[in-house]
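Here the structure comes first, spelled out in structure tokens, and everything after it is commentary.
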Amino acid sequence: MTTTPHPKATPHPQAARRSVAPPTGVSVMETVGLNVYYGGFHAVHDVDLGFERNEITALIGPSGCGKSTVLRCLNRMNDLIPAARVKGQVKYHGQDVYAASVDPIEVRRRIGMVFQKPNPFPKSIYDNVAYGPRVIGMKVPDMDDHVEQCLRRAALWDEVKDKLKESGYSLSGGQQQRLCIARAIATQPDVILMDEPCSALDPIATGAIEDLMIQLREEYTIIIVTHNMQQAARVSDRTAFFTARPDETTGNRTGLLVEYGLTSQIFENPSDQRTEDYISGRFG
Amino acid sequence: MRTARRNTVAVDAARQVTLSQLDGSGRGGKWKGKVFSAVLVACIVIAVATLAAVLLHSFVKGFPRIDLNLIRNMPSSLDRTTSGMQSAIFGTIYVMVGVAVTVVPLGVSAAIYLEEFADKNRWYVRFIELNIQNLAAVPSIVFGILGLAFIARGPLSLGFVAYAGSLTLSLLVLPTIILTTREAIRAVPSSIRQASMALGATQWRTIWKQVLPSSVPGIATGTILSLSRAIGETAPLLLVGATVFVTYNPDGFFSGAFTTLPTQIFSWATRPQDEFRILAAAGIIVLMAVLLAMNSFAIWIRNKFTTEW
């Protein structure tokens with residue numbers, strides 16, 4: 001376990017809607033000097049971030065700034081892209097998830113993920129939730145009970161309790177996304193990654209997901225990538241702002257972290273001009 | 001494959017005609033277009049009319065012999081009016097069961113490897129892919145010669161038995177199964193694979209629990225269409241021992257002479273006596289009925305189990 005508090009996390013005395021404790025020194029997840037390459041293309045440059053327990057951290061920035069890439073490094077989903085290479089460290093409770101001895105399957109069991117477009121399996125609502133525990137061989141005393149608990153936590157139980165045997169595709173987009181959240185928490189992860197979870201949803205469904213995220217924060221560490229700055233301001237405790245810097249020789253855009261701090265500070269009192277320009281809508 | 005290419009050419013031509021009619025381009029474009037459309041319609045009429053004529057002719061001629069004797073009796077050159085085709089029906093069943101149990105695991109496994117595991121940038125993967133497509137266009141008699149040299153005789157030396165026929169036909173339809181299965185696997189969105197992997201499932205579990213179940217309709221359709229191609233093949237079977245006159249059923253997959261429906265029909269059709277020609281027509285009706293049943297089953301499976309993404 002490393003105990004270094006995050007260097008770029010600036011505690012803010014007048015923390016906004018919720019009193020956010022200053023970093024305890026034990027981040028649930030941490031990236032140290034994270035660089036990502038796709039073949040010869042340098043996608044992300046030197047990212048240092050710490051993600052705290054029971055907080056929502058938002059990663060924001062213009063398109064192509066590498067925020068989704070960073071998110072997908074956290075549970076090693078970038079391994080699925082053949083040309084992707086990762087340098088630096090991604091620590092989960094102090095353990096580097098890219099260490100040679102670590103099985104990416106184990107990492108993904110502990111760090112759940114919700115995708116941009118709702119992607120339920122073409123199975124029943126019940127089987128969608130039960131799939132994770134079943135494939136990883138998790139000991140569940142009563143699967144019916146476990147499925148109900150997960151659906152309740154995802155604020156979906158009341159809407160689906162009478163049709164658990166129906167296909168996940170019979171639900172609306174917002175319900176499908178909550179089903180995907182229920183599915184992600186069914187394997188009892190302690191971190192949930194969300195890659196623009198509301199970008200395919202209407203404002204009402206988005207509101208429901210945001211409420212849900214705030215509830216889930218009590219039990220999980222949530223990291224969300226979003227294009228929607230209002231969303232970041234509404235739900236997150238900390239915000240990391242990324243931007244893309246064109247390479248002088250090749251013109252390829254490399255993503256880099258500009259500023260990381262409490263959401264209130266990033267939105268009200270950004271310390272970097274680029275952050276201020278983006279927040280105030282001058283670019284991006 | 002070749003049919004598909006021909007279809008593409010026809011479709012392209014038809015589209016050109018439509019487009020030239022729309023913008024009125026070319027001298028006398030409209031007139032030429034009309035002639036061309038007429039030619040195309042004529043082609044369709046010829047194709048359909050020929051098929052209908054063959055079917056109608058067989059049906060009218062063979063209908064009197066559609067009776068239980070056909071199933072109950074063995075082929076006979078003495079009792080022409082009561083001669084049956086039991087050995088051919090059993091032979092076809094043996095051969096087709098052999099094809100199904102051989103080609104489905106082989107073809108589906110190959111397709112899974114090529115779609116999910118193989119690195120498509122490697123030269124040898126592309127070489128294999130190209131050759132599978134070429135293989136689908138090889139005339140069936142070539143597979144017959146291969147079967148004679150390597151399966152019935154040569155390295156495998158199975159002899160002239162039903163399974164030698166099965167293996168030969170398996171080679172014949174293997175490319176089709178691989179290609180249709182790959183299409184079915186490719187139709188499963190990658191978001192499903194990612195969702196499964198993100199839950200901590202291994203790649204193997206993801207394929208087994210998500211990809212394959214979702215592609216079952218496509219795999220089943222491809223399999224049945226391939227089997228219905230195999231069931232009608234005659235030429236390659238003649239080379240690996242489907243003898244034209246067998247009055248007993250096969251002893252098993254690996255022993256005893258065998259014959260099949262198309263072989264039996266071929267044999268009868270070449271006889272001078274009219275009774276045998278009637279028998280051949282009756283055989284065609286049976287074969288057509290089996291084929292139509294298989295194709296309908298394929299369509300039913302596709303419609304019933306298809307997933308809307």
Residue B:228 part of a helix (DSSP H, G or I) and either under 21 Å from residue B:70 (Cα atoms) or without any contact (Cβ under 8 Å) to a residue 40 or more places away in the chain (or both): no
For residue B:266, work out the one condition from (1) under 19 Å from residue B:140 (Cα atoms); (2) in contact with a Gly (Cβ under 7 Å, 6 or more places away or on another chain) it doesn't fulfil. (2)
Consider residue A:80 carefully, then state whether it is aliphatic (A, V, I, L, M), at pLDDT 90 or above and out of contact with any Gly (no Cβ under 6 Å at 6 or more places or on another chain). no
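Matching residues to (1) among the small types (Gly, Ala, Ser); (2) within 12 Å of another protein chain (Cβ to nearest Cβ); (3) surrounded by fewer than 24 Cβ atoms within 10 Å (Cβ to Cβ):
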residue	(1), (2), (3)
A:195	no, yes, yes
A:207	yes, no, yes
A:213	no, no, yes
A:219	no, no, yes
Enumeration of residues in the stretch B:291-309 that are away from chain A (no Cβ under 14 Å), of a type in the set (Val, Ile, Thr) and buried (at least 18 other Cβ atoms within 10 Å of the Cβ): B:301
Need at least 1 residues that are surrounded by 22 or more Cβ atoms within 10 Å (Cβ to Cβ) per element, so show me which helices (runs of 4 or more DSSP H) inside the stretch B:74-175 make the cut, counting only ones lying wholly within it. B:86-112, B:140-146
Quick check: is even one residue across the stretch A:92-102 over 19 Å from residue A:193 (Cβ atoms) and among the charged types (D, E, K, R)? no
Single residue of the stretch A:29-42 satisfying the filter (hydrophobic (A, V, I, L, M, F, W, C) and modelled with pLDDT of 90 or more) that is nearest to the chain's Cα centre (by Cα): A:29
With the condition kept exactly as written, say whether any residue in the stretch A:97-106 is crowded, with 21+ Cβ neighbours inside 10 Å and within 14 Å of chain B (Cβ to nearest Cβ). yes
So is residue A:131 outside any loop (DSSP other than H, G, I, E, B), more than 24 Å from residue A:211 (Cα to Cα) and within 13 Å of chain B (Cβ to nearest Cβ) or not? yes
Among the residues of the stretch B:179-209, the number that are within 7 Å of chain A (Cβ to nearest Cβ) and not in a helix (DSSP H, G or I) is 4
From B:267, B:255, residue being surrounded by fewer than 16 Cβ atoms within 10 Å (Cβ to Cβ), away from chain A (no Cβ under 14 Å) and within 25 Å of residue B:94 (Cα to Cα): B:255
A careful count of residues in the stretch B:210-233 that are surrounded by fewer than 19 Cβ atoms within 10 Å (Cβ to Cβ) and either away from chain A (no Cβ under 14 Å) or more than 27 Å from the chain's Cα centre (by Cα) (or both) gives 3
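The values are calculated or read from the model by the stated rules, or taken from the named source; none is laboratory data. None of these values were measured; they are calculated from a predicted model. So basically every Cβ, Gly included, is an ideal-geometry build from the backbone, and we count neighbours across all protein chains shown.
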